[in-house]
Amino acid sequence: MRRVDSTPRDHREARVEAAGLTWHAEYWNESAFYELTAKEVEVLESSSNELAGMTLRAVQHIIDNRLYGKMAIPESAIGLIESSWEAEPPSLYGRFDLAYDGSNPPKLLEYNADTPTSLLEAAVVQWYWLRDVFPSRDQFNSIHERLIARWKELGDYLPDRHVDFCAIDDAEDGMTVAYLDDTAQQAGLTASIFPISEIGWNGAHFVGPDERALGAVFKLYPWEWMVREDFGPHLGKDRTIWIEPPWKMLLSNKGILPVLWELYPGHPNLLEARFADPGTMAAWIRKPLLGREGANITLHQPGLDVRTEGDYGAEGFIFQELAALSRMDGMHAVIGSWLIGHESDSSCGIGIRESESPIITNTSRFVPHLFG
C-alpha cells in the first residue's frame, strides 16, 4: 500500500459535480491516490467479513446480558432494539473505519452502522476517476451494483415496493439520500425524499408531508436522536419499517468496541477497548459513546495530547488503544470498508479519508484508490 502523487484531471470540478458530488472544494482530492496490491484487498475484504459476523454476535451478547446502561441506551429504546432484533427487518449498509498500513492486520476503529456517509464518493466518484485516469486498473468497489441488488432483495419486504428517504437539511446528508434514492429506483422501487422534520404521528400511523401513512422509511438520522424526538414514544406502535432498524443503534454506539474486546480479546482485527478507564494502555484515544465525525476526541500518547471540540460526551466515553494509522507523505489515512447487507460476504469496497491530523473528522479529504 502506497500513496502516489497524481495530476488532477482537466475540469476536475465539473467532472466531480457531474458524478453527483455537489460540495467538494478541498474535500475531494485527486492530486494523490492510494495503490494497493490484490493481496491487501483480499485482507481488507476477509477482515471486514469476519468483523461483520463478530459484531452480530456482539449484539446478541449485549441483549442477553442487558448491557444497555453501559452504552447509555435509554430505557425507552430497549423494547425497540429487542423486538427489531427478533423480527430481523431489512438492513441496508454500514461502514467499518479501519487502520491499515498494508503490513499489519487491519484494526477496527469504529463501526458506522446506522448513518454512514461518504457513500457517493466511494461508490461512484472515485470509480469515474479510475475510468478516466487508469482505465486498465481495478478498484475494490462494487458498492453501486451491490446497493441496487440489495434494494431488489428488499423490495418484497417493503409495502407497495416503495421507500421514503429522510434526512436533515444538510448538504452531505441530502446528497447521500439522493444517491440512495437513485439506487432504489434503479432497482425498480418507487421512492420519494423529504426532510426528517416532516415526519409526524397522526395518532395511529407515522405520516409524511402529504399525510400518507409511511410504509418504509430510510432515515439518515441517528437512532439516538430518533427516540428523543416528539414522535419517539410512538416508535414501534405501527408497522412502519425503518431502515436502518433499531437494533443497529447498538453497533453505531462506541460501546460496541469494549464489548467486542471482551468477547474476542487479542483478536488481530481489534484494538483493546474499555468502558471505564484506559487501564494499563500507555497510548489511547477517548471517544464519546454517541460521538460523530471525530468530535470530542482526546488522543493521548506520552508527550502528546490532541483534542477536538464538539457537542458530545455527556453520555459517557470509552477508551481504545491508540492505533498506528497509515502515514505517508505526512498524511494519516483511515480506510472506510463498506458492507451491503449483513451476511458473511457483505464487504464490497473501500473509500479512504486522510488528514494531516491523526484524528479524522468530517473535513478530512477523500482520496481515490486502485489496485492491480
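If you restrict to DSSP beta bridges whose two residues both lie in the chain, what percentage is antiparallel, to the nearest 5?
Given both bridge residues lie in the chain, the antiparallel proportion sits at roughly 75 percent.
Just how large is the dipole of the range 220-372 about the Cα centre, in debye to the nearest 20, putting +1 at every Lys and Arg Cβ and -1 at every Asp and Glu Cβ?
Values: 13 positive and 19 negative charges, 5 e Å.
It works out to roughly 20 debye.
Sequence gap at least 6, Cα distance under 8 Å: using those rules, report the relative contact order of the chain to the nearest whole percent.
Details: 730 pairs, mean separation 94.6, N = 372.
Relative CO of the chain lands at 25 percent.
Per the Cauchy relation, a quarter of the hull surface: what is the mean projected area of the convex hull of the alpha carbons in the range 219-372, in nm²?
Working: hull surface 48.2 nm².
Averaging across all directions leaves 12.1 nm² for the Cα convex hull.
Between Glu17 and Asp329, how high is the FRET efficiency from 1/(1 + (r/R0)^6) when r is the Cβ-Cβ distance and R₀ = 30 Å? Nearest 0.05. It would help to have the intermediate numbers written out before the result.
Details: r = 27 Å, r/R0 = 0.90.
Approximately 0.65, to the nearest 0.05.
Pick out, from Gly294, Trp338, Gln320, the residue whose Cα sits farthest towards the positive end of the charge dipole of the range 259-372, with +1 on the Cβ of Lys and Arg and -1 on the Cβ of Asp and Glu.
Gly294
May I ask which residue of Gly303, Ser197, Ser142 lies farthest towards the positive end of the charge dipole of the chain, with charges of +1 (Lys, Arg) and -1 (Asp, Glu) on Cβ and the Cα centre as origin?
Gly303
Identify which of Gln139, Gln320, Gln60 has the largest mean-square fluctuation in a Gaussian network model of the chain, with springs joining Cα atoms closer than 10 Å.
Top of the fluctuation ranking is Gln60.
Could you put Ser346, Ser31 in order, starting from the residue whose Cβ has the fewest other Cβ atoms within 10 Å? Intermediate results must be reported in sequence, preceding the final value.
Working: Ser346 22, Ser31 11.
Listing Ser346, Ser31 from fewest to most nearby Cβ atoms yields Ser31, Ser346.
Amide H neighbours of Trp201 under 5 Å, counting only residues 5+ apart in sequence or on other chains, H built in-plane at 1.01 Å?
Val207
So what is Rg over Rh here for the range 30-84, counting just Cα atoms and using Kirkwood for Rh? Could the numbers behind the result be given before it?
On the way: Rg = 18.0 Å, Rh = 14.3 Å.
My calculation puts Rg/Rh at 1.26.
Is the shape of the chain best called rounded, prolate or oblate, per the rule: a/c under 1.5 gives rounded, else a/b larger than b/c gives prolate, else oblate, with a ≥ b ≥ c the square roots of the Cα gyration tensor eigenvalues? List each step's numbers first, then the result.
Values: a/c = 1.67, a/b = 1.14, b/c = 1.47.
It comes out oblate by the Cα gyration axes.
Could you give me the ³J(HN,Hα) list for the range 222-231, computed from phi with Karplus coefficients 6.51, -1.76, 1.60 and θ = phi - 60°, whole Hz, x at Gly and Pro?
After applying 6.51 cos²θ - 1.76 cosθ + 1.60, I find x, 4, 5, 7, 4, 5, 9, 6, 4, 7 Hz.
Evaluate the charge dipole of the range 231-299 about its Cα centre and quote only its size in Debye, nearest 20, assuming +1 on the Cβ of each Lys and Arg and -1 on the Cβ of each Asp and Glu.
Working: 8 positive and 6 negative charges, 36 e Å.
For the range 231-299, the charge dipole is close to 180 debye.
Please find, in a Gaussian network model of the chain (springs between Cα atoms separated by less than 10 Å), the residue of Met71, Met175, Met54 whose mean-square fluctuation is greatest.
Per the Cα network of the chain with a 10 Å cutoff, Met54 tops the list.
How big is D, in µm² s⁻¹, for the range 327-372 by Stokes-Einstein at 37 °C and 0.692 mPa s if Rh is the Kirkwood radius over C-alpha pairs?
It diffuses with D of about 276 µm²/s by this estimate.
Taking neighbour counts of Cβ atoms within 10 Å as a proxy for exposure, in what order, fewest first, do Lys107, Lys39 appear? Walk me through the numbers before you get to the answer.
Working: Lys107 21, Lys39 10.
Going from least to most buried by this count: Lys39, Lys107.
Which value, in debye to the nearest 20, describes the size of the charge dipole of the chain about its Cα centre when Lys and Arg Cβ atoms bear +1, Asp and Glu Cβ atoms bear -1, and nothing else is charged?
The dipole of the chain has a size of about 620 debye.
Which of the listed residues, Ile352, Ala276, Met71, is farthest toward the dipole's positive end in the chain, when Lys, Arg count +1 and Asp, Glu count -1 at the beta-carbon?
Farthest towards the positive pole: Ala276.
Lysine pairs, Cα distance under 18 Å, 8 or more residues apart or cross-chain: how many in the chain?
Pairs that pass both the separation and distance tests number 9.
Could you identify which residue out of Asp181, Asp277, Asp101 has the top mean-square fluctuation in a GNM of the chain using Cα springs shorter than 10 Å?
Comparing Asp181, Asp277, Asp101 in the GNM, the peak value goes to Asp277.
Only the coordinates and a few stated rules stand behind these numbers; no lab work does. Since the model is a prediction, treat every value here as computed from it, not as a measurement. Note that each Cβ is placed from the backbone with ideal geometry, even for glycine, and that neighbours are counted across all protein chains shown.
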